[in-house]
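These notes are about the structure you will find just below.
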Amino acid sequence: MSEFLGNTQGALAALYEILQTSVLQLFADPTQLSPNQSVVVAAPAMFVGAVLWTFWSGQRRTKVKLRAEFTPGKVYYHAPPPLKVIPCHTPFGMKLETYLRMADIPYETMYSWRMGPKGKIPWIEYNGEAMGDSGLIIEFLNREKGVDLNQSLSEADKAVSRAFTKMGEENTYWGGVRNRWIDNLDQMQELMEVSWIGMLLLRSLRVKRRRNLWAHGMGRHSKDEIEGIVEKDVKAISTFLGTKPYLMGDEPTEADAAVFGQLSEVCCAFPGSYMERLVTVEYPNLQAYFNRMKDRYWPDWGELTKTSVPLSVIEVLSSQYL
Amino acid sequence: MSQGIAATAVRWIFSRGQKGSKVALRAEFTPGKVYLHVTAPVKTIPCVAPNAMKLETYLRMAEIPYEPMYGWGVGPKGKIPWIEYNGEAMGDSGLIIEFLNREKGVDLNQSLSDADKAVSRAFTKMVEENTYWGLARNRWIDHFDKLQQLYEIPWSVMFFLKYFGLGKAKQAMWNQGIGRHSTEEVEGIMDTDLKAISCFLGTKPYLMGDDPTEVDAAVFGQLSEMCYCIPDSYLYRIVNVDYPNLQAYCNRIKDRYWPDWDQLTGNNA
């Protein structure tokens, strides 16, 4: 054992020696670098550069891998795999899948951590093309499949429906992002069932999330201000819902998919947070509404969450490069 | 003034982002007075920032006296508009309005039921967190060449914005999400939002009924930028031609709360 340690120590010392001489040579006279020295300097630099570029780079359109063969007219739905507490950790995944179930559109689920064409999840493949953004996908499928979940609504009600959808997705959603990625990142270890390596990855991804939050504007507020903003949104949804079974009346409409998507995260994926307290204690009609939608459209919730798959670091990294 | 614009442009472009701004406050102030920091009026509109139009319309609706301080300096959260009140700087128009409501005992929504207040909140947030970004995208990416004319800035500042600022703006829009869509997709999103406002407004004089409420300040803030600026844009067409009740609504609020519009914009020839 001590021989092994001695050997390792010796090897490390030799490596350090080579690195030191290489770097000094690089600064002194790069033209005199030997091939070995060049590799010793270039390899770590490239590795560090690759890691930084992965996690910090901005506007790269993702190269998505499509299926070689597909059934025309079939929806291939790409989303991250279920977790212990919820079938999909992104509210837009919950929304899109709930919509597919509400509209009775058959789909094949392809679980993976790869991002879609706009660098977001969920995304779909349809007739050999990749499509991103749950809102645009829903509009497309409405046209393609002749679906209209809002047909019973008046024009004014459709307008209100749009307003609540957008408030939930463009405002309340960011409060959730802040809570999950900035204030309570450690909780993600349990949520995503990751090891300490996975947590390193998540901490690196946090850099991007901070940038998203700052650009949006929510990231410029203090924690208390954000709590106040989210509470007002949640109160508005609760007040508008009132004693109705669904947001716009007796039957579910498209807005219910969107609002359920956001609420499911609030109810299930933020244990012990102020968000959980809002829906269970202060506005319990939201918890009841969540249960109602879950029972109706997610009878397989328990089954899905039992097949939870931990976050795969390899897959996330490979989706950036391969 | 163009010195101030140039200074702000340089600071913004070269800043590393995500830092609250250090603001220079007035040495002397009148207690209880609102000092409103916005950008100066231009030919087409009293302020090119939609949330500044919203905040100033709110102050006029609530009859809160204020002193405008024109400049391009950003507030404590790195945004415009911002106010100084009792020696403190405050950012974010929404939080400012909530604060002034409490401080000055104002409630523009008192005639609304709770359900109507909820709908009011939803429309405010839709217009500020979704429609706003379509407007930003339209100005900075689709009609960037018109920006100099709109903001009335000299070519030197425009040069800076073009070669150093545009990339940053694009990055911000990518981070927010709107920058990931094509121009046609954004036009579709904006049309859906504006159609929703138009359908909900219908034949009513104001969004929630016969009298103006807080949401009208927010919606007017965003719509005024589309209604009166950049006539070549599809936003101008949507508000003025496709949904004419929106144009009528903007003019109604402009006539009621901005009787000095022409005076401010220097248009009373």
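So here's what we get for this one:
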| read-out | value |
| --- | --- |
| Using alpha-carbon coordinates, inclination of helix A:223-241 to the longest axis of chain A, degrees | 30 degrees |
| Alpha-carbon centroid distance for the pair segment B:202-269 / segment B:93-112, whole angstrom | 22 Å |
| Size of charge dipole - segment B:204-248 - debye, nearest 20, with Cβ of Lys, Arg +1 and Asp, Glu -1, no other charges | 160 debye |
| Net charge dipole size for segment B:100-142 [Lys, Arg +1 and Asp, Glu -1 on Cβ; Debye, nearest 20] | 100 debye |
| For segment B:229-243, Karplus couplings with θ = phi - 60° (6.51, -1.76, 1.60), whole Hz, Gly/Pro x | 10, 6, x, 6, 7, 5, 5, 4, 5, 4, 6, 8, 10, 5, 10 |
| Exposure rank, largest accessible area first [A:Ser154, A:Ser273; 1.4 Å] | A:Ser154, A:Ser273 |
| Chain A: angle of helix A:2-28 to the longest principal axis, Cα-based, in degrees nearest 10 | 90 degrees |
| HN-Hα J in Hz across segment A:64-71 - Karplus 6.51, -1.76, 1.60, θ = phi - 60°, x for Gly and Pro | 9, 9, 9, 5, 6, 10, 9, 8 |
| CD proxy at 222 nm, helix term only [per DSSP H run n ≥ 4: -39500 (n - 2.57); per residue of chain A; nearest 500] | -18000 deg cm²/dmol |
| Relative contact order for chain A, counting Cα pairs under 8 Å that sit 6 or more residues apart, in percent | 23 percent |
| Chain B - percent relative contact order, Cα under 8 Å, separation 6 or more | 24 percent |
| A:Thr305-A:Phe47 FRET efficiency (beta carbon distance; Förster radius 41 Å; 0.05 resolution) | 0.65 |
| Kirkwood Rh (inverse of mean 1/r, distinct Cα pairs), segment A:168-322, angstrom | 17.0 Å |
| Exercise: per-residue mean of other protein chain Cβ atoms within 10 Å, A:152-159 | 4 |
| On Cα atoms only, tilt of A:254-268 relative to the major axis of chain A in degrees | 60 degrees |
| Dipole magnitude (debye, nearest 20) for chain A, charges at Cβ of Lys, Arg, Asp, Glu | 540 debye |
| Lysine pairs within segment A:184-307, Cα separation less than 20 Å, 8 or more sequence positions apart or different chains | 7 |
| At 0.692 mPa s and 37 °C, Stokes diffusion of chain B via Kirkwood alpha-carbon radius, µm² per second | 170 µm²/s |
| Accessible surface buried once A binds B (1.4 Å probe; total of both sides; Å²) | 3500 Å² |
| Shape category assigned to segment A:238-309 from the gyration tensor of Cα positions, a/c cut at 1.5 | oblate |
| Near-label residues of segment A:232-248 by backbone N, under 19 Å of a point 7 Å along Cα→Cβ of A:Arg277 | A:232-236, A:238 |
| Candidate residues A:Leu286, A:Leu24: accessible-area rank, largest first, probe 1.4 Å | A:Leu24, A:Leu286 |
| With DNA, RNA and ligands ignored, accessible area of A:Val281 (1.4 Å probe; Å², nearest 10) | 100 Å² |
| Column: log10 I(q)/I(0), Debye, Cα scatterers of chain A, q = 0.07, 0.09, 0.10, 0.15 Å⁻¹ | -0.37, -0.57, -0.67, -1.28 |
| Net +/- balance of residues flanking A:Met248 in space, Cβ distance below 12 Å, scoring K and R +1, D and E -1 | -2 |
| Other-chain or far-sequence residues with amide H under 5 Å of B:Met208's (modelled H) | B:Thr213 |
| Eligible lysines near B:Lys195 by straight Cα distance, threshold 19 Å, same-chain separation 8 or greater | A:Lys158, A:Lys166, B:Lys125, B:Lys204 |
| Cross-link reach list, lysines versus B:Lys22, counting only Cα pairs under 18 Å and skipping chain neighbours closer than eight places | B:Lys77, B:Lys79 |
| C-alpha center-to-center spacing [segment A:250-322, segment A:137-214] in angstrom | 11 Å |
| Nearest-10 value in Å² for the accessible area of A:Met115, using the 1.4 Å probe | 60 Å² |
| Two-site label geometry, A:Gln189 and B:Ile64: point separation in nm, points 7 Å out along Cα→Cβ | 4.5 nm |
| Whether the protein assembly as shown is rounded, prolate or oblate, judged on the alpha carbon gyration tensor where a/c under 1.5 counts as rounded | oblate |
| Heavy atoms of A:Lys120 accessible to a 1.4 Å probe, total area in Å² rounded to 10 | 60 Å² |
| Accessible area in the full protein assembly, largest first, 1.4 Å probe, for A:Leu15, B:Leu207, A:Leu136 | A:Leu15, A:Leu136, B:Leu207 |
| Of all accessible heavy-atom area on the protein assembly as shown, the percent that carbon and sulfur account for (1.4 Å) | 55 percent |
| Global geometry of segment A:57-197, whether rounded, prolate or oblate, following the gyration tensor of its Cα atoms and the 1.5 cut on a/c | oblate |
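The values are calculated or read from the model by the stated rules, or taken from the named source; none is laboratory data. Here the structure is a predicted model, which means the values were calculated and not measured. Note that each Cβ is placed from the backbone with ideal geometry, even for glycine, and that neighbours are counted across all protein chains shown. Heavy atoms of the whole protein, side chains included, go into the accessibility calculation; ligands, DNA and RNA do not. Shrake-Rupley method; radii C 1.70, N 1.55, O 1.52, S 1.80 Å.
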